[in-house]
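The values are calculated or read from the model by the stated rules, or taken from the named source; none is laboratory data. Treat the numbers as computed from the prediction; the structure is a model and nothing was measured. Counting neighbours? That spans all protein chains shown, and the Cβs are built from the backbone with ideal geometry, glycine included.
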Amino acid sequence: MIEIQNESRRLLDTEDEDTGVRSEQDAYLDKVKNGKLFLASLAAVLGPLSFGFVLGYSSPAIPELSTITDPRLRLDDDEASWFGSIVTIGAAIGGLLGGWMVDKIGRKLSLMFCALPYIFGFTIVIAAQNVWMLYLGRVLTGLASGVTSLVVPLYISEIAHERVRGTMGSCVQLMVVTGIMGAYIAGMFLDWRWLAICCSIPPTMMMVFMCFMPETPRFLLSQGKRREAEEAVRFLRGPDAPAEWECARIEDASDNQNSNVATVVVAAIQVVFTAVAALVMDRAGRKLLLILSGVSMCLSTAAFGVYFKLSSETHGNSSGLFLVESPLAEDPAAGLSWLALASMGFFITGFSLGWGPIPWLVMSEIFPSRVKGFASSVCVLTNWGSAFIITKTFQDLMDLLTSAGTFWLFSGCCALNIVFTILFVPETKGKSLEQIQAQFKGTPE
């Protein structure tokens, strides 16, 4: 999903560039050194890693808290449900808060400050004397997670250059699932308090490491800090790359500030609807949400294909007949931009409701205990292996099928996804793990 977002944004940003600009850009990128860029990205993705630990913490902690001897901390079934889900409420609030923070205090400080509710939240959990302290700690870590899920992709997209932005952007979701897996593994050996201490380490490291990383050049230029922006570019690109050229390019492309707003909106949509999915999942059912999600992604990627098809015809029709007949003749790109933005929003909404969060839940429900670790690892490997293949072959698909054809191919894959869900994915809502296993074995529940 991240790969489709990144590549579609790149296409929207670059489809009108001429050959001269591309050559100048390539000459610039040939001088770039990526060492410190990767270091800054590594510091930033400690945030999604922390987010993953927050999501994964409840799974090993709830069984222990449900049987703990201290009655003040013992969770009944309803309290355990709140302990697991209340983090999404904090995440939704954090997503909205993050949109305000990135524009007011910048990307770097937003990342540093969001480490605080992570640390304070886990500290409250560690020191909890009653259930309400556990809830408060989870809300605070959820708040930090919401800010993180918005700010980190924005920070990385603004410090990364075109040749590595897609790969680095995909690391965000990779670190989330790595954090989830890390919490599961650590939970096998640590009790719930020591596990909370372990989970507080990544955000602490993020806050420390980000002290030595630069603010994004785009934000600095938007604040009129040209000298600081050039210093940030030199840090990120190395001494041989002409920082003045990149800063001038950013300043000239002043309309890209619409792109920053769009990035914030996209991230906010993703956080909000992921929270919505978490809240309605046990009522609507996993299967229904997956089907609705697949339909949304199928339609939105098909609409993206229509956008690129119409754009190519509008810009490439040398006879002018299309321009004469089209109501978009005065400004074709502006006339079609609403379709691209609407498709992006619709895709993010659909993905966040279903195919973003639910497969990880269903994966944890359907595998028998004796193979759960191995089978889950295979699923994660398949997921990120597929992501790598899509990212690596995307340009080849573009060359072979055109932009429109590529997105129509994605739409077809989503259609097959819907059929697969209807025919083969079981509904696990309201069923115990034993009942789910019995269903697969074909034995009476």
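Quick look at the numbers
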quantity: Close pairs (9 angstrom Cβ cut-off, 6 or more residues apart or separate chains): outside the structural domain of residue 119 (by TED's automatic domain parsing) in segment 47-66, modelled with pLDDT of 90 or more and not in a helix (DSSP H, G or I) anywhere; calculated: none
quantity: Check on residue 84, of a type outside the set (A, V, I, L, M, F, W, C), crowded, with 21+ Cβ neighbours inside 10 Å and assigned by TED's automatic domain parsing to the domain that holds residue 168; calculated: no
quantity: Of all residues making up segment 113-128, the number that are surrounded by fewer than 19 Cβ atoms within 10 Å (Cβ to Cβ), in a helix (DSSP H, G or I) and either under 20 Å from the mean Cα position of the chain (by Cα) or without any contact (Cβ under 8 Å) to a residue 24 or more places away in the chain (or both); calculated: 2
quantity: Residue that is modelled with the lowest pLDDT, among those in segment 211-238 that are of a type in the set (Gly, Ala, Ser) and farther than 24 Å from residue 30 by Cα; calculated: 222
